[in-house]
Structures are given as C-alpha cells and as structure tokens.
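The values are calculated or read from the model by the stated rules, or taken from the named source; none is laboratory data. Because the structure is predicted, anything quoted here is derived from the model rather than measured. Here Cβ is always computed from backbone atoms with ideal geometry, including for glycine, and neighbour counts include all displayed protein chains.
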Amino acid sequence: MTILKLFGLTAINLRRDLKSALLSCLGTAVGVGALVFFVALGGGVDRVVRDQLFPIDIRAIEVVPPAFSLGGVLGASRLDDAALERLSAIDGVESAFRKMQVRVPAMARPAASLARDFKVPRNIRLALIAVGVEPAFIQSDLAQGASFAPAPRLDKPNTGDHPDDGALPFAAIPAMASKRLLALYNQAFAKSQGLPTVSASLLDAANGLVLVDVELGRGMTGGTQLTPRATHLSFAGLSDRAPLHGVLIPLDAARAINAAYGQDAETYSSITLVARDPALIPAIRQAVQQMGFSIEEGERELSEKIGQAVALTTAAMALLSILICLIAAINIAHALLSSVRTREREFGLLRAIGATRLDVARLVLSEAFAIGLVGGLFGIACARLAALFLSDQITARVPSLPFASSELFAFSPALLAAALAIALLASLAGAIVPALLASRSNPAQVLAG
C-alpha cells in the first residue's frame with residue numbers, strides 16, 4: 001500500500017467517525033496544552049528569577065570575614081591585603097576583586113540636574129549605602145565613555161587639625177546602580193508617584209552628570225557627632241553586580257571617606273573570587289572555608305531556593321499533564337478497539353484484495369498518528385494563546401510588575417518539539433493493541449460470514 005493510498009484511507013476513516021476522532025484529539029490537546037503551558041511558565045519564571053531578580057555570576061563567590069573568629073588562635077580572619085594574596089593563590093581562582101563598604105552614615109537627595117532633567121522632586125531623602133570596588137570589577141558595565149575615577153577638587157582641601165567640607169580630595173564620585181533598581185523605579189515608584197520613567201537613552205545622555213547630592217556624617221535620624229561633609233555622585237552606568245539597596249563607587253573613594261572619618265580603611269568588607277571554570281567553585285569554596293573565612297550566600301541562596309521551588313512545582317504540573325496524556329492514550333485505545341470491531345469485515349476485504357497484515361496495522365496506526373498530530377498542534381496553539389492572555393491580564397491588572405510579563409513564559413523549540421513527540425507517542429501507544437487485532441483478521445472467515 002502506497003503512502004498516498006494510506007493517507008487517503010486514513011482521512012476517509014476519520015471522517016466516517018468524526019465525533020470519536022475529535023474527542024480523542026481533545027483529550028490529547030488538553031494533556032499537551034497543559035504540559036506546554038506549565039513547563040513554559042516554570043522556565044520563564046526561573047529565567048526571570050535567575051537573570052533579572054537575582055542575577056548571579058556562576059563563576060563568582062563572595063568571601064566575607066567569619067561571623068565568629070578566635071583571631072590568632074586559628075589564624076588571621078581579617079580581609080586585608082595579606083588575605084587577598086592568599087585567596088588569589090587558591091588553585092582555580094582567575095581573579096580577585098576587593099570591596100570596601102563606606103563605614104560612615106550618609107544621606108542622599110536628588111541633585112539639581114536630576115530635578116531639572118528628569119523631573120524628580122528634590123525633597124526625597126534616602127540613606128546612602130555605598131560599596132567601593134575596583135574599576136576592573138565593573139569595567140564591562142560602564143556607560144560608553146564613562147570613567148570610574150573620582151573627579152578631583154579644583155581647590156586644595158584643608159588638611160589641618162580641623163578639617164572642613166573640603167577635607168575630601170574629590171568633588172564628585174562616579175557611581176553605578178543596579179539595573180533592577182531602574183526597573184523598579186520605572187514600573188513601581190515612577191508610576192505610583194506620577195513621575196516620568198527613565199529610559200536607557202536618557203541614562204546614556206546622563207553619563208558623567210551629577211545626579212545625587214550626598215551629605216556624609218548624617219544619618220536617618222538627623223545629625224551625628226561626625227563632621228558633615230558634602231560630595232556628589234555622578235552617573236557611571238548600570239550593573240547587575242551593584243546591590244539593589246545601594247551603589248558601587250571606586251574603591252579609592254570609599255577608602256578615602258573611611259580614612260577621613262577615622263574608620264577602618266585597611267580591611268575589606270568582602271573579596272569576590274572569580275573561578276576559571278564554574279566546575280572549580282566547590283573546590284575553591286572548600287579552600288576558602290579551610291582558611292577560616294566565610295562565604296556570603298545572600299541572593300545566590302535565595303535564588304537557588306526559589307529556583308528549586310519553581311522546578312518542583314513545574315515538575316508536579318508536568319507529571320499531571322503527562323498523566324492526562326496517558327489517559328488520552330487509553331481513550332484512543334478504547335475508541336480504536338471499538339472501531340476495529342465494527343470494521344472487521346472491512347479489514348477482511350482489504351486482506352482479500354492483497355493488503356498485508358502490516359498494511360492493515362499501518363492503517364490503524366496512521367489514524368492514531370493523525371489524531372496525535374492534530375491534538376498536539378491544537379494543544380500547543382491553545383497553550384500559546386493562554387500564555388498571551390495571561391500576560392495581557394498581568395500587564396493590565398498589575399502594572400507595577402517590575403519585569404515584562406511576556407518574559408514569564410519560555411516557549412523554546414525543544415519544548416514544543418518534545419510536547420508534540422509526547423502527543424504522537426501517546427496516540428501510537430494507544431493504537432498498538434487495536435492495530436495488532438486488526439492485522440490478525442482472517443479474510444476467509446470474514447468473507448464466509
């Protein structure tokens with residue numbers, strides 16, 4: 001039997017019992033559609049969590065001083081230059097970057113340029129958390145043409161016994177904020193306060209522009225016993241390495257601020273180690289802990305926990321969808337068994353005019369293949385439409401969502417191909433027994449009545 005004849009007979013048989021065929025297609029579509037929808041949703045949510053909410057460099061670990069240390073009894077636990085040298089010498093470490101937190105309270109408010117160009121009210125005041133880093137740590141994220149070096153003062157700072165506002169050796173400090181912070185501002189804060197959003201093009205134009213006025217030595221509750229000093233932050237770019245709750249500034253600036261206020265300017269808050277290969281991370285972690293240091297999990301641990309929860313939920317829903325496909329396969333088997341019994345004389349005639357057992361089996365299997373193909377494609381289309389509808393509803397009802405709702409679904413070609421393959425396999429599996437029964441029909445007995 002040729003392929004064209006096989007397709008022709010398949011179409012005739014399906015049209016003859018269209019209601020049963022459509023019900024079988026619907027069962028397959030429900031299972032495949034649910035599978036595609038939930039797996040795509042799980043993959044999209046996991047991608048948003050890992051790439052946008054908690055972006056993590058899989059080659060990097062954050063080394064911090066231990067929460068409890070016996071000092072010289074078990075070895076030094078200070079993160080100083082000596083510790084940096086030891087950590088850099090660990091096998092597998094490609095580079096090490098120092099970080100020093102500004103250990104002085106500071107308040108920040110929008111500068112006049114920010115109020116003028118971006119219409120941000122100047123009465124906003126926030127506690128400033130700044131971390132000093134080396135330029136190489138964020139070099140790839142610097143805005144085009146930006147410099148990560150503090151702007152020197154034009155006048156000479158007072159270095160006497162009673163330093164004034166000019167005691168700092170720089171007038172403006174380049175700062176980098178988190179990319180997530182911009183998304184939160186645009187989608188949540190700006191919309192709720194009726195402020196204009198900030199686009200990437202506007203930020204490019206703001207390269208080097210003073211955006212924030214800073215008053216060092218002043219806390220949230222007002223004045224302190226520290227000498228107030230004024231400085232400014234200029235925009236240098238956005239980086240996933242910047243903390244959501246603060247900004248990155250040059251390490252030299254953080255060291256100078258700490259030194260000006262008599263704070264520790266020698267030890268580092270943390271040191272970021274970058275491995276040559278992600279596979280070396282476990283060995284590096286072990287070496288770091290053997291040296292007496294701790295590893296800051298922070299967002300990495302939270303990201304992994306959320307990722308595990310998403311993966312577990314997705315796996316449960318995928319298993320339920322596969323069970324639906326199995327039920328659809330049983331339904332197909334039942335429908336085809338009934339069809340085979342009613343068409344026993346037809347199969348006998350086919351055998352009598354020269355059709356082989358294989359030809360008869362192929363006819364039944366081709367009907368199941370057509371049901372699986374149509375049901376799978378229809379289920380995939382329904383999943384895509386449901387995802388589009390849900391995305392539109394999220395956008396309309398939750399406008400402050402900080403990330404695009406369309407990114408909540410990950411419809412990869414591999415997922416769609418796997419779903420269609422499952423639909424076809426389920427349908428063919430349900431047709432195996434009916435195909436065997438049909439192929440065993442005896443033409444002599446059928447024609448004899």
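Is it true that some residue in the range 198-215 is assigned to a helix (DSSP H, G or I), among the acidic types (Asp, Glu), under 30 Å from Ile271 (Cβ atoms) and modelled with pLDDT of 70 or more? Walk me through it before giving the result.
Residues of the range 198-215 assigned to a helix (DSSP H, G or I): 200-205.
Now narrow it down to the ones that are among the acidic types (Asp, Glu): 204.
Add one more test, that the residue is under 30 Å from Ile271 (Cβ atoms), and what stays is none.
Within the range 198-215 (the criterion being assigned to a helix (DSSP H, G or I), among the acidic types (Asp, Glu), under 30 Å from Ile271 (Cβ atoms) and modelled with pLDDT of 70 or more), the answer is no, since none of the residues qualifies.
Among the residues of the range 257-271, is any over 21 Å from Glu215 (Cα atoms), at pLDDT below 90 and surrounded by fewer than 16 Cβ atoms within 10 Å (Cβ to Cβ)?
Taking the range 257-271 as the starting set, the residues that turn out to be over 21 Å from Glu215 (Cα atoms) are 266-271.
From what is left, the residues that are at pLDDT below 90 are none.
Within the range 257-271 (the criterion being over 21 Å from Glu215 (Cα atoms), at pLDDT below 90 and surrounded by fewer than 16 Cβ atoms within 10 Å (Cβ to Cβ)), the answer is no, since none of the residues qualifies.
With the requirement that a residue be within 55 Å of the chain's Cα centre (by Cα) and not in a helix (DSSP H, G or I), what does the range 328-355 give you?
Within the range 328-355, Arg343 is the sole residue that qualifies.
Identify, from the list Leu319, Leu385, Leu349, Leu358, the residue that is within 30 Å of Gly31 (Cβ to Cβ) and in contact (Cβ under 8 Å) with a residue 24 or more places away in the chain. Write out each step before concluding.
Numbers: Leu319 fails: in contact (Cβ under 8 Å) with a residue 24 or more places away in the chain; Leu385 fails: in contact (Cβ under 8 Å) with a residue 24 or more places away in the chain; Leu349 fails: within 30 Å of Gly31 (Cβ to Cβ).
On inspection, the qualifying residue turns out to be Leu358.
Quick test of your reading of the structure: Pro55 fulfils all but one of (1) buried (at least 16 other Cβ atoms within 10 Å of the Cβ); (2) modelled with pLDDT of 75 or more. Name the failing condition by number.
(2)
If a residue has to be among the small types (Gly, Ala, Ser) and at pLDDT 90 or above to count, how many in the range 272-299 make the cut? Spell out the reasoning first.
Here is the first cut: in the range 272-299, the ones among the small types (Gly, Ala, Ser) are 275, 279, 283, 287, 292, 294, 298.
With at pLDDT 90 or above added as a condition, the list becomes 275, 283, 287.
Selection size over the range 272-299: 3.
Being modelled with pLDDT of 60 or more and loosely packed, with under 15 Cβ neighbours inside 10 Å is the requirement here; does Ala188 meet it? Can you show your working first?
Details: modelled with pLDDT of 60 or more: yes; loosely packed, with under 15 Cβ neighbours inside 10 Å: yes.
Yes.
So which of Ser294, Ser321 is in the same structural domain as Leu14 (by TED's automatic domain parsing), surrounded by 13 or more Cβ atoms within 10 Å (Cβ to Cβ), of a type in the set (S, T, N, Q) and within 28 Å of the chain's Cα centre (by Cα)?
On the way: Ser294 fails: in the same structural domain as Leu14 (by TED's automatic domain parsing).
Every option except Ser321 fails the conditions.
Within the range 147-159, track down each residue that is modelled with pLDDT of 80 or more and farther than 20 Å from Thr272 by Cβ. Lay out the reasoning, then the answer.
Going residue by residue through the range 147-159, those that are modelled with pLDDT of 80 or more are 147-150.
Ser147, Ala149, Pro150, listed by residue number.
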